[in-house]
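The values are calculated or read from the model by the stated rules, or taken from the named source; none is laboratory data. Here the structure is a predicted model, which is why all the values come from computation and not from measurement. Cβ: placed from backbone, ideal geometry, glycine included. Neighbour counts: every protein chain shown.
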Amino acid sequence: MNIVIAGAGHVGRALAGGWREAGHSVSFVTREADGAKAAELKNEGFGLVPLSAAAAAADVVVLAVPWSGAEVTVEALRPLAGKILIDATNPLTANLELALGFDYSGGEVVARIVPRARVVKAFNTTGAGNMANSHYPGGKLMMPVAGDDAEAKKTVMALAADLGFEPVDVGPLAMSRHLEPMAVAWIKLAYAQGMGPEFGFAILKR
Ligand SMILES: NC(=O)c1ccc[n+]([C@@H]2O[C@H](COP(=O)([O-])OP(=O)(O)OC[C@H]3O[C@@H](n4cnc5c(N)ncnc54)[C@H](OP(=O)(O)O)[C@@H]3O)[C@@H](O)[C@H]2O)c1
């Protein structure tokens, strides 16, 4: 599968490594095509595509930029008609609190900008370190996946499984209203409560 990731930061790099190992072709959109980061990505064998060409180059586009840059990035990716757009962002303020919520979500803000794309919320509820290495002795970490297009969700769940997660279909994209606070809970546990980033959420069943 051809995957283009917008944002070569913690999340983008973590996802890219695992997906490449799983046999996918991964490219990045970076803001400075000639900078040191672009050279590093090229050395590591990743493709680089301009924002305007990302949609054409990809089966799946991943949004992995800070919330402050999310809307402008998605606007530049338009129209993304028919493409799967994975929204891994969290709508956070500089203080790592939610910038919106209750009756709306970042996932829905993104979908409103690209109404013809198949937006799926995923990879936002756990730390980037867990995306780079999801292995824990007690079992698989869960990866909640929300979206309105069943086929797109299936594809994203398979991509989560490729990284070693237990994908969980949590329902429509509006469930992002609950997944984004879940990310804040993870951040608070990791950094305010001192648990550190080496933990994740899992589902136990009986
Ligand atoms: N870090 C985590 O553990 C984690 C976990 C789950 C979800 N998230 C969410 O995932 C998104 C990315 O997080 P991250 O930790 O990967 O961020 P990051 O390390 O800061 O990297 C984000 C990348 O986005 C690109 N970018 C594009 N527009 C930008 C802008 N206006 N300002 C700054 N960078 C911009 C930059 O790459 P170029 O300079 O190459 O363009 C940057 O390297 C955020 O929305 C975050 O809330 C993070």
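Data overview
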| item | result |
| --- | --- |
| Flag for Leu173 being within 11 Å of Asp87 (Cβ to Cβ), within 16 Å of the ligand (Cβ to nearest atom) and either in contact with a strand residue (DSSP E or B) (Cβ under 6 Å, 6 or more places away or on another chain) or aliphatic (A, V, I, L, M) (or both) | no |
| Residue within the stretch 135-147 that is surrounded by fewer than 13 Cβ atoms within 10 Å (Cβ to Cβ), in contact with a Gly (Cβ under 8 Å, 6 or more places away or on another chain) and over 19 Å from His24 (Cβ atoms) present | yes |
| Long-range neighbours under 6 Å by Cβ, at least six apart or interchain, first residue within 20 Å of Arg118 (Cβ to Cβ) within the stretch 81-98, second β-branched (Val, Ile, Thr) and within 9 Å of the ligand (Cβ to nearest atom) | Ala88/Val11 |
| Some residue of the stretch 118-133 being in contact (Cβ under 8 Å) with a residue 60 or more places away in the chain, away from the ligand (no atom under 16 Å from the Cβ) and among the charged types (D, E, K, R) | no |
| Filter result (surrounded by 12 or more Cβ atoms within 10 Å (Cβ to Cβ), closer than 14 Å to Ala6 by Cα and among the charged types (D, E, K, R)) within the stretch 18-70 | Arg31, Lys37, Asp59 |
| All positions within the stretch 9-46 that are of a type in the set (Gly, Ala, Ser), out of contact with any Leu (no Cβ under 6 Å at 6 or more places or on another chain) and in contact (Cβ under 8 Å) with a residue 40 or more places away in the chain | Gly9, Gly12, Ala14, Gly17, Ala22 |
| Residue within the stretch 88-110 that is within 11 Å of the ligand (Cβ to nearest atom) and of a type in the set (D, E, K, R) present | no |
| Of residues in the stretch 149-173 being aliphatic (A, V, I, L, M) and part of a strand (DSSP E or B), the one surrounded by the fewest Cβ atoms within 10 Å (Cβ to Cβ) | Val168 |
| Tally of residues being more than 19 Å from Thr89 (Cα to Cα) and not hydroxyl-bearing (Ser, Thr, Tyr) across the stretch 2-52 | 25 |
| Search result, residues across the stretch 125-148 that are in contact with a strand residue (DSSP E or B) (Cβ under 9 Å, 6 or more places away or on another chain) and part of a loop (DSSP other than H, G, I, E, B) | Thr125, Thr126, Ser134, Gly139, Lys140, Leu141, Asp148 |
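Condition check ((1) in contact with a helix residue (DSSP H, G or I) (Cβ under 9 Å, 6 or more places away or on another chain); (2) modelled with pLDDT of 95 or more) across all residues:
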| residue | (1), (2) |
| --- | --- |
| Asn90 | yes, yes |
| Phe102 | yes, no |
| Asn124 | yes, yes |
| His135 | no, yes |
| Ala146 | yes, yes |
| Ala150 | no, yes |
| Arg177 | yes, yes |
| Ala192 | no, yes |
